[in-house]
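Notes follow once the structure below has been shown.
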Amino acid sequence: MAILNNKITAIIITVLFILMSIFIIGGNNLISLKSNVNTQFEEGTYASPVSIQSQIDRILGQANNMLLISRRYVDNEDEIILPLIIAIENLNNAENAQEKYKYTNELVAEIESLNNQAHILNMSERDINYFQSIEVNVTSYNRIISNSDYNLVATNFNNELTKFPANIISLVRGIKPAYIYG
Amino acid sequence: MEEKVVKSVIPIYAIGIIWVIYSLIFSMYTIGNLITASIICLIGYVVISNIIPDKTIMVEKIITPVNTGNELANQYINNGYKSAKEISKISKKLKNTNIASQVLYIESTLNKILDFITKYPDKARTLRTFMDYYLPTTIKLLNNYEHLNSQGLSGENIDVALNKIDNVMHVMTEAFTKQLDSLFEDKTLDILAEVSVLKDILKREGLTSSDTNINIKEIDKMGDSNGYIK
């Protein structure tokens, strides 16, 4: 106990307390902030209920329906539906917002492309109408995504990370900036 | 040994505790919160420092070589402080013995003698026997006492030796006191001479009242026919 009464020991312990609280507690605060950014993307929040992930899931659902209908008229690996299959796979494997943005746009483009080629498949009128409704739906989902506050929340977080002392804390704790959907 | 006032370390720890509590409530990744926490900690430190009193502890006197301009005085002072340090070490070991209080007294008196010689190095010559014989012998006896005492035995020879040293330490405390007192002899003479001159001038100028006469008479009583304090 005598060592605790030493002034230098007291200063060292206090400095350690301060550094630990900055890097551990402050770091946890930053991680929590980033988690909020991810929540905004995945689920939306009460203040900003639009979730990009839920709209992407809907687009994927529509793309799968389109694929299912198409397979009634062509083989599984027919070159006319192959780009759609690849686009769906890419989007499913996308790991971050940036990749999801890229592959969502590719998928939307493939949906439009397949819809334009519907006449080649000699599809029934009902299926053609269904294809057209899919394209309309997908466009609508994409428009909803554009109303999301995710990019604003992610940008605010990234700005925070550039300031002192968050820049040092993020460096020590390995906290990376949030990806922008775009 | 000398007294040293030390500040409590509690206010320093308080800074750490306040900081941690603050960081549990507020986000510590912003500069604003860092500054606010620092200000609160500073206020906390000042307040707690004022609440918790400073502690007075006894520490060993740090011996620095003295240069009084008098070689003999320098030698006595430097050796004397070393001896005082040695007595202090022995004193710690003899804390619970019969001679503990005498050892402390001897250490304290020795320090006073050395402080006096530091101020008045010319007086060093009067300490020759004291510094060359009494002091080393006292330390030697104390070391012997400590050695015998540390055996933890009670035998005829050991008990006799311990009693003898115990008795001689009573004599040594007196000797140390007289040695210190003798250093003030000249100072006392100076004071008496000054008082005597002052008294004469006051009488000559007719400035003494009846009250002052009484005081002068009282001063006179302090000195004998030779002007020495009784």
Handout entry: Hydrodynamic radius by Kirkwood, which averages 1/r over all alpha carbon pairs of the protein assembly as shown, in angstrom
Key = 31.8
Completion exercise
Once phi for every residue in segment A:21-28 is put through the Karplus expression 6.51 cos²θ - 1.76 cosθ + 1.60 (θ = phi - 60°), the whole-Hz ³J(HN,Hα) values, with Gly and Pro written as x, are 5, 5, 7, 7, 6, x, x, 5
Fill in the blank from the handout: For segment A:1-47 the translational diffusion coefficient, Stokes-Einstein from a Kirkwood Rh over Cα pairs at 20 °C and viscosity 1.002 mPa s, in µm²/s, is roughly 162
Practice task
Just tell me how shielded A:17-27 is by partners: mean number of partner chain Cβ atoms within 10 Å of each residue's Cβ, no decimals.
Solution key: 6
Completion exercise
For segment B:160-165, Karplus-derived ³J(HN,Hα) couplings (6.51, -1.76, 1.60; θ = phi - 60°; whole Hz; x for glycine and proline) come out as 4, 4, 4, 4, 4, 5
Fill in the blank from the handout: If one compares the long axis through the Cα atoms of helix A:52-70 with the longest principal axis of the Cα atoms of chain A, the angle in degrees, nearest 10, works out at 30
Exercise for the section: Could you list the square roots of 5 times each eigenvalue of the Cα gyration tensor of chain A, that is, the equivalent ellipsoid semi-axes, sorted largest first and rounded to whole Å? Expected result: 52, 15, 11
Fill in the blank from the handout: Each residue of A:1-14 has, on average, a number of other protein chain C-beta atoms within 10 Å of its C-beta equal to 4
Problem - Exposure proxy ranking, count of Cβ atoms within 10 Å, fewest first, for B:K92, B:K123, B:K140 - result: B:K140, B:K92, B:K123
Practice task
May I ask for the angle, rounded to the nearest 10°, between helix B:31-51 and the longest principal axis of chain B, with both axes built from Cα atoms and the value confined to 0 to 90°?
Solution key: 30
Exercise for the section: Based on alpha-carbon positions alone, could you give the equivalent ellipsoid semi-axes of segment A:82-182 from the gyration tensor, as √(5λ), descending, whole Å? Expected result: 40, 14, 7
Handout entry: Order of B:M28, B:M58, B:M169 under a 10 Å beta carbon neighbour criterion, fewest first
Key = B:M58, B:M169, B:M28
Problem - Amide proton proximity set for B:T30, modelled H, under 5 Å, gap of 5+ - result: none
Problem - Averaged over A:163-174, number of beta-carbon atoms from partner chains that fall within 10 Å - result: 2
Practice task
Evaluate 2.2 N^0.38 Å with N set to the residue count of chain B, then give the Cα radius of gyration divided by it.
Solution key: 1.62
Completion exercise
What the 10 Å binned alpha carbon P(r) of segment B:1-132 shows, as percent of pairs per bin from 0, is 11, 26, 18, 14, 14, 12, 4, 0
Fill in the blank from the handout: Under the Karplus relation with 6.51, -1.76 and 1.60 and θ = phi - 60°, whole-Hz ³J(HN,Hα) for segment B:183-199, x at Gly and Pro, equal 5, 8, 4, 4, 4, 5, 4, 4, 4, 4, 5, 4, 4, 5, 4, 4, 4
Practice task
Taking the Cα centre of segment A:102-147 as origin, work out the dipole magnitude from +1 charges on Lys and Arg Cβ and -1 charges on Asp and Glu Cβ, in debye rounded to 20.
Solution key: 160
Exercise for the section: Show the residues, 5+ positions off or on another chain, whose built amide H is closer than 5 Å to the amide H of B:T68. Expected result: B:N74
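Which of B:V20, B:V47 comes first, and how do the rest follow, when ranked by fewest Cβ neighbours within 10 Å?
B:V47, B:V20
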Exercise for the section: Name the residue, out of B:I52, B:I158, B:I21, whose mean-square fluctuation peaks in a Gaussian network model built on chain B with Cα pairs under 10 Å. Expected result: B:I21
Problem - Across B:K7/B:K93; B:K112/B:K178; B:K93/B:K178, pairs whose alpha-carbon gap is larger than 21 Å - result: B:K7/B:K93; B:K93/B:K178
Practice task
Please give the calculated 222 nm ellipticity per residue for the protein assembly as shown, where each DSSP H segment of at least 4 residues contributes -39500 (n - 2.57) and the sum is spread over every residue; nearest 500 deg cm²/dmol?
Solution key: -23000 deg cm²/dmol
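Read-outs throughout are calculated quantities, based only on the coordinates presented, and are distinct from any laboratory measurement. As the structure is a computational prediction, the values presented were derived from the model and not from experiment. Counting neighbours? That spans all protein chains shown, and the Cβs are built from the backbone with ideal geometry, glycine included.
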